[in-house]
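What follows is a short report on a single structure.
The values are calculated or read from the model by the stated rules, or taken from the named source; none is laboratory data. Every value quoted in this text rests on a predicted model; they were computed, and no experiment measured them. Here Cβ is always computed from backbone atoms with ideal geometry, including for glycine, and neighbour counts include all displayed protein chains.
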Amino acid sequence: MADPRIALERITKTYGGHQALADVSLQIAAGEFVALVGASGSGKTTLLKTINGLIKPDSGEVRIEGESVGDLTPHLLRRRIGYVFQEVGLFPHLTVAENIGITPKLLGWDKARRAVRAAELLDLVALPQEMGGRFPAALSGGQQQRVGVARALAAEPHIVLMDEPFGALDPLTRDSLGDDYRALHERLNLSTVMVTHDMTEALLLADRIVVVADGRLIADGTPQALAASTDPAVAALLAAPRRQAERLRARLGETA
Amino acid sequence: MSPQVEAAFARLPEYLAWHVLLSASALGLGLLISLPLAVAASRNRHIRWPVLAGASLIQTIPSLALLALFFPLLLVISAASEDLLGYGFSALGFLPALLALTLYSMLPIVRNGTTGILSVSPAIIQAAEGVGMTPRQRLLQVELPLAAPVIMAGVRTAAVWTIGAATLSTPVGQTSLGNYIFSGLQTENWVLVLFGCGASALLAMVTDQLLGLIEAGAAKRDIRRAAIGAAGILIGIIVALTPLISFGKPASYVVGAKNFSEQYILAEMMAERIEDLGGEARMKEDLGSAIAYRALASGELDVYVDYSGTLWANVLNREDNPGREAVLEELTTELAERDGVLVLGSLGFENAYALAMRQDRATALGIESLDDLARRSGGLTMGGDLEFFARPEWTAINEAYGFDFRARRSYQPTFMFRAVTSGDVDVISAFSSDGRIAADNLVTLADPRQALPPYDAVVLIAPDRVNDARLLAALRPLIGAISVEAMRDANYSVDRDVDKLRPVEAARSLSQTLGLD
Ligand SMILES: Nc1ncnc2c1ncn2[C@@H]1O[C@H](COP(=O)(O)OP(=O)(O)OP(=O)(O)O)[C@@H](O)[C@H]1O
Ligand SMILES: [Mg+2]
């Protein structure tokens with residue numbers, strides 16, 4: 001069998017006595033869309049950052065397409081992996097288009113090619129072309145988040161890591177952007193890991209849901225498999241969207 | 001326009017050019033050193049403290065002292081390099097001024113640079129890593145651009161400081177706008193002092209505004225504004241420097257002068273005589289007393305006038321007093337042997353240290369000599385020029401007479417005379433050829449124990465000029481030609497409050513009086 005795109009083996013990470021990751025192993029194949037869910041502070045961001053080497057694990061090994069991350073030049077590795085930050089982190093001194101084109105620029109793409117690519121991505125994340133010339137400070141929070149997604153995709157990576165990419169979006173934009181991204185994921189055969197707090201979003205978009213609690217992976221499976229889980233913590237996670245759906249039906253039924 | 005202001009304007013192109021060249025080079029060099037230091041300090045916690053503390057420490061050294069300290073240091077380095085590499089360099093003038101001002105400019109740039117880089121938010125730093133930047137790309141493309149406004153604010157502060165402190169480079173022999181201030185202070189020409197201060201303040205303000213444009217451009221990402229500021233600075237520097245293309249060419253003779261009127265007048269006189277014989281002469285004025293001799297011995301200066309007693313005590317470190325003739329003879333042989341310096345001869349007058357009091361006060365207290373003064377000193381206050389109390393002459397008379405003054409104060413010579421006439425101090429250290437002694441109704445006190453050495457004004461020639469026929473021919477007629485009365489009058493014509501002459505005018509009139517022209 002071919003190497004998985006992403007392989008984490010027995011990763012641990014400790015911050016001054018607090019175990020952020022405890023013996024985590026995970027394999028993600030080409031074309032897989034994985035949602036990482038779990039309570040705040042459970043270790044999702046830490047896990048995501050060990051994949052592109054922003055965090056060095058205390059022990060264990062991360063392999064990308066069969067190569068150990070420890071052996072790769074960090075900045076070359078990161079140019080191959082798209083990353084959407086939880087804090088967005090757009091460069092305030094660069095325009096939106098320049099922000100989107102930053103990794104292509106580091107890879108030596110010429111100006112014209114970068115401009116074409118930035119225009120494509122603005123379309124993809126449903127922002128008007130005019131915004132390409134603005135500075136990030138002149139964008140709303142949700143617009144900034146979409147630029148963050150566009151920046152991660154700009155250099156046509158095979159692996160995309162997204163830390164709550166759609167958190168600040170209104171439900172409508174969120175839905176359609178999620179669908180558009182899912183389509184892109186399939187067309188390009190990407191491997192995507194997306195952290196989300198929204199269980200419904202995870203259930204609707206992902207092929208596979210991984211549940212993190214206190215630095216451990218407590219569940220890993222398809223949405224259907226998770227729905228059938230008897231683990232109380234997993235059941236509790238799924239209970240919330242179910243309850244919401246029921247209450248919604250009841251309310252809308254009343255007013256109708 | 002008054003002739004004084006006109007004369008000041010005439011020298012502006014040269015002074016301004018040097019001032020701009022000096023400040024711009026110091027600031028450029030300071031930036032070149034400070035930015036890497038700031039980057040290193042922001043990267044490494046362990047060197048941050050030493051770097052910032054070091055820069056702050058430099059700032060606590062008075063700028064005048066910092067400038068002066070570079071002269072002996074460079075002299076040592078130059079001597080070492082001459083020994084090792086067979087190549088020495090000038091320890092006077094531009095180099096010490098440049099180095100001192102460079103050090104002086106560093107603190108605001110290092111401090112703002114470090115703060116600016118450190119204040120870039122961690123989320124942005126991580127994003128820079130996340131998109132695949134190398135540490136170098138992160139510095140150049142993210143951290144420095146984001147810190148640029150803060151760094152530019154530091155550069156502005158440094159520029160204003162440097163331009164202001166550059167006026168203090170005059171005493172180490174570097175021409176600057178400070179030449180107006182120092183010679184103005186000396187000759188009590190307040191118009192000149194104001195002119196110098198105003199010119200340097202104006203220069204600082206214009207520079208500050210232009211750098212402000214660059215800062216605002218960096219902050220608002222307005223490239224046009226930053227470009228206007230940068231172009232303004234560049235054009236300003238180029239325009240200011242054009243006079244140096246003609247002024248900068250090395251003059252054939254450098255005539256030195258210490259920082260008082262008599263020295264200016266004598267230097268002007270010597271320069272004019274050199275030029276009359278077809279030489280080119282250039283003045284280096286306002287040299288510190290200790291610096292002047294060493295500058296001559298090392299060939300920085302070609303000629304200047306010093307005083308036998310000063311050389312006796314400070315250069316030969318002698319404390320005895322064998323008498324006027326013997327001192328002169330021994331100086332001539334010793335300086336020639338030791339440093340190859342030629343003592344061409346005495347000008348014919350003495351400018352001795354003497355203690356002076358107001359006539360009425362001396363009569364009232366019954367003081368005629370230093371012996372009388374010593375008896376009364378417990379109730380009196382003594383004023384000295386800035387170096388007097390540190391000089392061997394003071395030690396000598398103090399030991400010989402046993403003074404016990406109630407208080408001692410140091411003054412710039414001009415203010416010292418003010419202080420004695422107004423009664424702030426009772427007795428001052430004066431020079432016997434100073435025109436103000438007679439003009440201010442002061443009397444000099446006799447020295448019955450001969451504690452003060454003689455102070456014949458002597459012409460000194462640099463080692464590599466001792467056989468220069470033109471120079472010797474130009475200066476020989478001055479030997480023995482100037483009486484103390486003539487010198488006193490000339491000095492007073494520059495020092496007095498009304499109808500002041502400029503040193504160059506006083507020199508001409510002195511030459512006329514003495515029939516030397
Ligand atoms: N640099 C750090 N130093 C110390 N502790 C840290 C550091 N980074 C993370 N932690 C701790 O590690 C744990 C996991 O953090 P992580 O950011 O991975 O959580 P998360 O699952 O992404 O949470 P959230 O959903 O709130 O973003 C937390 O308890 C956090 O306090
Ligand atoms: Mg997180």
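The single residue among A:Thr50, A:Thr103, A:Thr45, A:Thr14 that is more than 16 Å from ligand 2 (Cβ to nearest atom), among the polar types (S, T, N, Q) and farther than 19 Å from A:Glu156 by Cα turns out to be A:Thr14. Those residues that are facing chain A (nearest Cβ under 7 Å), of a type in the set (A, V, I, L, M, F, W, C) and within 52 Å of the chain's Cα centre (by Cα), I need them from the stretch B:127-143; list them, please. Once the filter is applied, which keeps residues that are facing chain A (nearest Cβ under 7 Å), of a type in the set (A, V, I, L, M, F, W, C) and within 52 Å of the chain's Cα centre (by Cα), the stretch B:127-143 yields B:Met133, B:Val142.
B:Ser63 fails exactly one of the following numbered conditions: (1) surrounded by 12 or more Cβ atoms within 10 Å (Cβ to Cβ); (2) modelled with pLDDT under 80. What is the number of that condition? The single condition B:Ser63 does not satisfy is (2).
If you go through the stretch A:119-140 and keep only what is away from chain B (no Cβ under 14 Å), part of a helix (DSSP H, G or I) and small (Gly, Ala, Ser), you end up with A:Ala119, A:Gly132.
Being of a type in the set (S, T, N, Q), away from chain B (no Cβ under 11 Å) and buried (at least 21 other Cβ atoms within 10 Å of the Cβ): is that true of A:Gln145 here? Spelling it out, A:Gln145 is indeed of a type in the set (S, T, N, Q), away from chain B (no Cβ under 11 Å) and buried (at least 21 other Cβ atoms within 10 Å of the Cβ).
Pairs meeting the criteria (first residue in the stretch A:182-197 and at pLDDT 90 or above, second residue within 16 Å of ligand 1 (Cβ to nearest atom) and of a type in the set (Val, Ile, Thr), beta carbons under 6 Å, at least 6 apart or on different chains) are A:Val193/A:Val34. Restricted to the stretch A:67-80, and to residues there that are within 9 Å of another protein chain (Cβ to nearest Cβ) and assigned to a helix (DSSP H, G or I), the residue that is surrounded by the most Cβ atoms within 10 Å (Cβ to Cβ) is A:Arg78. Number of residues in the stretch A:26-53 that are more than 14 Å from chain B (Cβ to nearest Cβ) and either out of contact with any Pro (no Cβ under 7 Å at 6 or more places or on another chain) or of a type in the set (Gly, Ala, Ser) (or both): the value is 18.
Kindly establish whether A:Val37 is within 13 Å of ligand 2 (Cβ to nearest atom), modelled with pLDDT under 95 and touching a His at 6+ places or on another chain (Cβ under 9 Å). Taking the combined requirement at face value, the residue satisfies it. Only a single criterion out of (1) at pLDDT 95 or above; (2) surrounded by fewer than 15 Cβ atoms within 10 Å (Cβ to Cβ) is not satisfied by B:Leu203, namely (2).
For the stretch A:175-217, the set of residues classified as exposed (fewer than 14 other Cβ atoms within 10 Å of the Cβ) and within 16 Å of ligand 1 (Cβ to nearest atom) consists of A:His197 only. Put simply, of B:Ile181, B:Ile214 the only residue that is in contact (Cβ under 8 Å) with a residue 40 or more places away in the chain and buried (at least 22 other Cβ atoms within 10 Å of the Cβ) is B:Ile214. When you check B:Leu501 against the structure, is it outside any helix (DSSP H, G or I), farther than 30 Å from B:Asp320 by Cβ, of a type in the set (A, V, I, L, M) and under 24 Å from the mean Cα position of the chain (by Cα), yes or no? Taking the combined requirement at face value, the residue satisfies it. Checking A:Pro4, A:Pro92 one by one, the residue that is more than 16 Å from ligand 1 (Cβ to nearest atom), in a loop (DSSP other than H, G, I, E, B), more than 15 Å from the chain's Cα centre (by Cα) and within 10 Å of another protein chain (Cβ to nearest Cβ) is A:Pro92 and no other. Among the residues of the stretch B:242-258, at least one is touching a helix residue (DSSP H, G or I) at 6+ places or on another chain (Cβ under 6 Å), touching a residue at least 40 places away in the same chain (Cβ under 8 Å), aliphatic (A, V, I, L, M) and surrounded by 21 or more Cβ atoms within 10 Å (Cβ to Cβ). Here B:Ala396 meets each of (1) of a type outside the set (Phe, Trp, Tyr); (2) touching a residue at least 12 places away in the same chain (Cβ under 8 Å); (3) in a loop (DSSP other than H, G, I, E, B) with one exception, condition (3).
Of B:Leu335, B:Leu311, B:Leu296, B:Leu344, all but one fail to be under 21 Å from B:Val255 (Cβ atoms) and touching a Gly at 6+ places or on another chain (Cβ under 7 Å); the exception is B:Leu296.
Taking the stretch B:249-306 as the range and being in a helix (DSSP H, G or I), of a type in the set (Gly, Ala, Ser) and over 23 Å from B:Gly178 (Cβ atoms) as the test, only B:Ala297 passes. In this structure, A:Tyr83 does satisfy being under 28 Å from A:Met199 (Cβ atoms), within 11 Å of another protein chain (Cβ to nearest Cβ) and among the hydroxyl-bearing types (Ser, Thr, Tyr). Among the residues of the stretch B:109-120, are any under 30 Å from B:Phe182 (Cβ atoms), in contact with a helix residue (DSSP H, G or I) (Cβ under 6 Å, 6 or more places away or on another chain) and more than 14 Å from chain A (Cβ to nearest Cβ)? Yes, there is a match, as at least one residue in the stretch B:109-120 is under 30 Å from B:Phe182 (Cβ atoms), in contact with a helix residue (DSSP H, G or I) (Cβ under 6 Å, 6 or more places away or on another chain) and more than 14 Å from chain A (Cβ to nearest Cβ).
Taking the conditions exactly as written (among the charged types (D, E, K, R) and part of a helix (DSSP H, G or I)), does B:Arg488 satisfy them or not?
In short, yes.
Can you pull out every residue in the stretch A:153-173 that is more than 16 Å from ligand 2 (Cβ to nearest atom), in a loop (DSSP other than H, G, I, E, B) and over 17 Å from A:Arg5 (Cα atoms)?
A:Ala154, A:Ala155, A:Leu169, A:Asp170 - these are the residues of the stretch A:153-173 that are more than 16 Å from ligand 2 (Cβ to nearest atom), in a loop (DSSP other than H, G, I, E, B) and over 17 Å from A:Arg5 (Cα atoms).
With a requirement of 1 or more residues that are touching a strand residue (DSSP E or B) at 6+ places or on another chain (Cβ under 9 Å) and in the same structural domain as B:Ala100 (by TED's automatic domain parsing), the helices (runs of 4 or more DSSP H) lying completely within the stretch B:111-225 that satisfy it span B:122-130, B:178-186. Taking the stretch A:7-38 as the range and being near ligand 1 (Cβ under 7 Å from one of its atoms) and part of a loop (DSSP other than H, G, I, E, B) as the test, only A:Gly16 passes.
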